[in-house]
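S.K.: The structure's right below; bear with me while I get my questions together.
Coordinate-derived values only; no laboratory data. Given the structure is predicted, the values throughout are model-derived calculations rather than measurements. Positions of Cβ are backbone-derived with ideal geometry, glycine not excepted, and every protein chain shown enters the neighbour counts.
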Amino acid sequence: MKMRLTWLLILMLALTAFWGCSDDDDPGIVAPTATAFEVMAAAGADYINDNTDCPGVIDADVLEANLDLYTVIDIRAEADYLDGHIPGAYNSSLGTLVADLSSGAIPSGKTYVVACYSGQSAGHAKIAMELLGYTDVKSLLFGMSS
């Protein structure tokens with residue numbers, strides 16, 4: 001019994017000693033802010049918007065300025081699509097995208113731009129379309145949140 005108490009005491013002292021070594025309250029650590037995000041986004045903007053380096057992503061401003069050159073596929077839930085979408089966008093989902101493309105429900109002939117909530121699912125859809133032979137596909141940078 002004394003041995004257990006001794007080990008418990010040693011453990012408590014060790015935890016107390018290391019607890020004070022934590023740097024959680026270090027004033028040098030600053031939480032990210034919207035300004036910090038804007039700085040990071042601006043730093044990568046040239047790379048992301050340069051089609052020679054990153055041909056599979058399109059910025060919202062570029063899409064809006066040239067909307068007539070693209071067929072936009074919105075893969076968000078139908079309710080979110082109905083709440084607001086890019087003008088002329090076709091609503092589909094990851095589960096029905098192949099059928100919608102092959103049936104003609106989504107017309108071909110223009111560069112496809114896939115949009116989702118944040119850009120992640122659109123990236124997956126873009127890769128799937130490319131694996132199926134679609135060669136001119138882009139995903140909307142940061143999705144509809146952009």
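S.K.: For the range 48-146, state the average projected area of the convex hull of the C-alpha atoms over all orientations, rounded to one decimal in nm².
M.R.: On the way: hull surface 23.3 nm².
Approximately 5.8 nm², given one-decimal rounding.
S.K.: Provide the gained length on full extension for the span S146 to D68, in nm with one decimal, where the gain is 0.36 nm per separating residue minus the Cα-Cα distance.
M.R.: Working: separation 78, 0.36 × 78 = 28.08 nm, distance 1.91 nm.
Full-extension gain reported as 26.2 nm.
S.K.: Stretched out fully, how many nm does the piece from S108 to D61 gain, at 0.36 nm a residue minus the Cα gap?
M.R.: Details: separation 47, 0.36 × 47 = 16.92 nm, distance 2.26 nm.
Between S108 and D61, full extension yields an extra 14.7 nm.
S.K.: Next question, about the same structure. In a solvent-free Debye calculation with one equal scatterer on each Cα, what is log10 I(q)/I(0) for the range 101-146 at q = 0.18 Å⁻¹, listed in the order of the q values?
M.R.: Once normalised to I(0) and log-transformed, intensities are -0.51.
S.K.: Any idea how far apart L131 and A77 come out in nm if each label point goes 7 Å out from Cα toward Cβ?
M.R.: 2.6
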